[in-house]
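K.L.:
The structure is given below, and queries will be raised subsequently.
Bear in mind these aren't lab numbers, they're just calculated from the coordinates by the rules spelled out. Small disclaimer: the values here were computed from a predicted structure and weren't measured. Virtual Cβ from ideal backbone geometry, glycine too; neighbours counted across all protein chains shown.
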There are 2 protein chains.
Amino acid sequence: MSNLKLKIAYDGTSYVGWQRQATGSSVQGCVEAVLGEIEGSSVIAVGAGRTDAGVHALGQVANVRLRRRMAVGSVIRAVNSRLPKDIRVVDAEIVQDSFHARFDATAKVYRYRLIHGEVMNPFARRYGWWQRAEFDTERMNEAGQLLVGEHDFASFQAAGSSTDTTVRRLFSLSVTRAQAGQLWSEDDELGDMTIIEVRGSGFLRHMVRVIVGSLVQVGVGRWDNTDIERALVACDRALAGPTAPPQGLFLMRVDYE
Amino acid sequence: MSNLKLKIAYDGTSYVGWQRQATGSSVQGCVEAVLGEIEGSSVIAVGAGRTDAGVHALGQVANVRLRRRMAVGSVIRAVNSRLPKDIRVVDAEIVQDSFHARFDATAKVYRYRLIHGEVMNPFARRYGWWQRAEFDTERMNEAGQLLVGEHDFASFQAAGSSTDTTVRRLFSLSVTRAQAGQLWSEDDELGDMTIIEVRGSGFLRHMVRVIVGSLVQVGVGRWDNTDIERALVACDRALAGPTAPPQGLFLMRVDYE
């Protein structure tokens, strides 16, 4: 029996999210089906975290226990040759039996892409949130620092969520401006972007997207620091900003000890 | 009556190409349908060039004659609010009555993206040709220079094409290495890319894709300069390389006097 740690990238556009659900095709379901074929019996892929419908990942982590002995490179090739093209295992390693992708995670890094431009970039529409308005990136970054640290993030989660505790630790948050990449470099109209990156111990449902929606209010000048502070203290979803759409969000990395 | 010059970007994944066809949805068909709604009668959008099924554009140019007088900004907004999300008019201007998007074009610039990596990048799969092999970019660039100038490109077109003449002028060709953009910068496994850019007076059907397929043969060391020269001189499709798939190709720009 070997415990395999997988690093998985996926375009979440066509999926109900990481987690298996009755309502549609999930990334976890696809990965388990393919590994089950190779193993010859059903397997469970434990993911580091759920991602919502339409959310992407460059570095989701999952672990699976396999009886069959295979070289890691062979597993990667066998799995990728069977997976749909929008999901890929990008790395794999054999880890200690005790390793658990969810319980052992010490931090997760998410990135959100806001694409600027007078006209929506048709190539970025699946991978960012289009914004016609200009942002004050510095003010967003400053306001975002108020969320760093250990806080009760009850205002910053999907309405109606129930969890044991809504206290989470945000290690860092940065708001930066970037070019939208090589493909678009000749065409200024197709825009540049604002990237919001957060690293935290764990995240409530929709937490990153509500943080993004709130910082956008600051970016366009509708809110200032006091609105962010008020929302945080209130522990009331109604006081935070709108939930940013899923297609701009990427799970970049999961950290372990 | 005003003659409107439109600059159009589109993700070609879901289309049979620029040109109206009985077999499926075309970009031209979508643009004409939307402009026809605004105009109140059918219109014709003359495109600078056809793009094949699955080929993208950042700077396709078309002209349309409209009876209705509207400010250019209003046309852009009205059209974009009705177009599918994978097509966008990124710019528009009123031009002389005599302007014709196809006949007046003096050059077109195409770019082809080859994405490198041990594992296919799920975000690049619709916008590049995945390559596991490493390329010798310098040798590709050197071989590509043999195609620059006025030549009979009969070897470098889709088999069975019929045109008056297969002589075309290639103004420039460059093969360069680039990073795959901001989104992927943290994950080396998700790769960098080779970009082949060509500028020419006009292109035969599949010409850019056959050039790319041929230069890839050079890049992996299977061919050298003499193979490219032989293919060019032969005027025989069988001597050129395979046709590269459409999803890596972008019409970047159309030049006018």
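K.L.:
If you take the Cα atoms of the range B:1-147, find Rg, then find the Kirkwood Rh from the mean of 1/r over all pairs, what is Rg/Rh? Let's see the in-between values first.
P.N.:
Working: Rg = 18.0 Å, Rh = 17.1 Å.
Rg/Rh: 1.06.
K.L.:
Among B:247, B:60, B:145, which one shows the highest mean-square fluctuation when chain B is modelled as a Gaussian network with alpha-carbon springs under 10 Å?
P.N.:
B:145
K.L.:
Counting only DSSP beta bridges with both residues in the protein assembly as shown, what percent are antiparallel, rounded to the nearest 5? Don't jump to the answer; show the numbers that get you there.
P.N.:
On the way: 96 of 106 bridges.
Here the share of antiparallel DSSP bridges comes out near 90 percent.
K.L.:
When the Kirkwood radius is taken over all Cα pairs of the range B:106-256, what Stokes-Einstein diffusion coefficient follows at 10 °C and 1.306 mPa s, in µm²/s? Before the final figure, lay out each step's value.
P.N.:
Numbers: Rh = 15.6 Å.
Rounded, D is 102 µm²/s.
K.L.:
Continuing with the same structure: What order do you get for A:229, A:257 when you list them from fewest to most C-beta neighbours inside 10 Å?
P.N.:
Numbers: A:229 13, A:257 5.
The order, fewest Cβ neighbours first, is A:257, A:229.
K.L.:
Okay, moving on. Restrict the search to the range A:78-136; then list the GluC sites (Glu not before Pro) that DSSP places in a loop and that have at most 13 other Cβ atoms within 10 Å of their Cβ.
P.N.:
Values: sites: A:93, A:118, A:134; in loops: A:118, A:134.
Those that pass, being in a loop and sparsely packed, are A:134.
K.L.:
Further question: Suppose a student asked you for the relative contact order of chain B, using Cα pairs under 8 Å spaced at least 6 residues apart; what percent would you report?
P.N.:
Numbers: 587 pairs, mean separation 62.3, N = 257.
Relative CO of chain B lands at 24 percent.
K.L.:
Follow-up. Whole number please: convex hull volume per residue, Cα atoms of chain B, in Å³. Could you put the intermediate results ahead of the total?
P.N.:
On the way: hull volume 34.4 nm³, N = 257.
Residue-normalised Cα hull volume stands at 134 Å³.
K.L.:
Return a whole-number percent for the relative contact order of the range A:106-256, with Cα pairs under 8 Å and 6 or more residues apart as the contact set.
P.N.:
Numbers: 326 pairs, mean separation 57.8, N = 151.
It rounds to 38 percent for the range A:106-256.
K.L.:
A further question on this structure: Would you compute the Debye intensity of the range B:74-165 from its alpha-carbon atoms alone, equal scatterers and no solvent, and pass along log10 I(q)/I(0) at q = 0.11, 0.13, 0.17, 0.23 Å⁻¹ to two decimals?
P.N.:
-0.68, -0.91, -1.14, -1.20
K.L.:
Check cross-link reach from residue A:85 to the lysines: straight Cα distance under 30 Å, and skip same-chain residues fewer than eight apart.
P.N.:
Once the sequence-local lysines are set aside, what remains near residue A:85 is A:5, A:7, A:108, B:85.
K.L.:
Given a cut-off of under 8 Å on Cα pairs at least six residues apart, what relative contact order in percent is computed for the range A:2-95?
P.N.:
Values: 191 pairs, mean separation 41.6, N = 94.
Reported relative contact order: 44 percent.
K.L.:
In Å, what is the Rg of the alpha-carbon atoms in the protein assembly as shown, and how long is Dmax?
P.N.:
25.3, 77
K.L.:
Can you find, among A:208, A:6, A:160, the residue farthest towards the positive end of the dipole of chain A? Put +1 on the C-beta of Lys and Arg, -1 on that of Asp and Glu.
P.N.:
So the residue we want is A:6.
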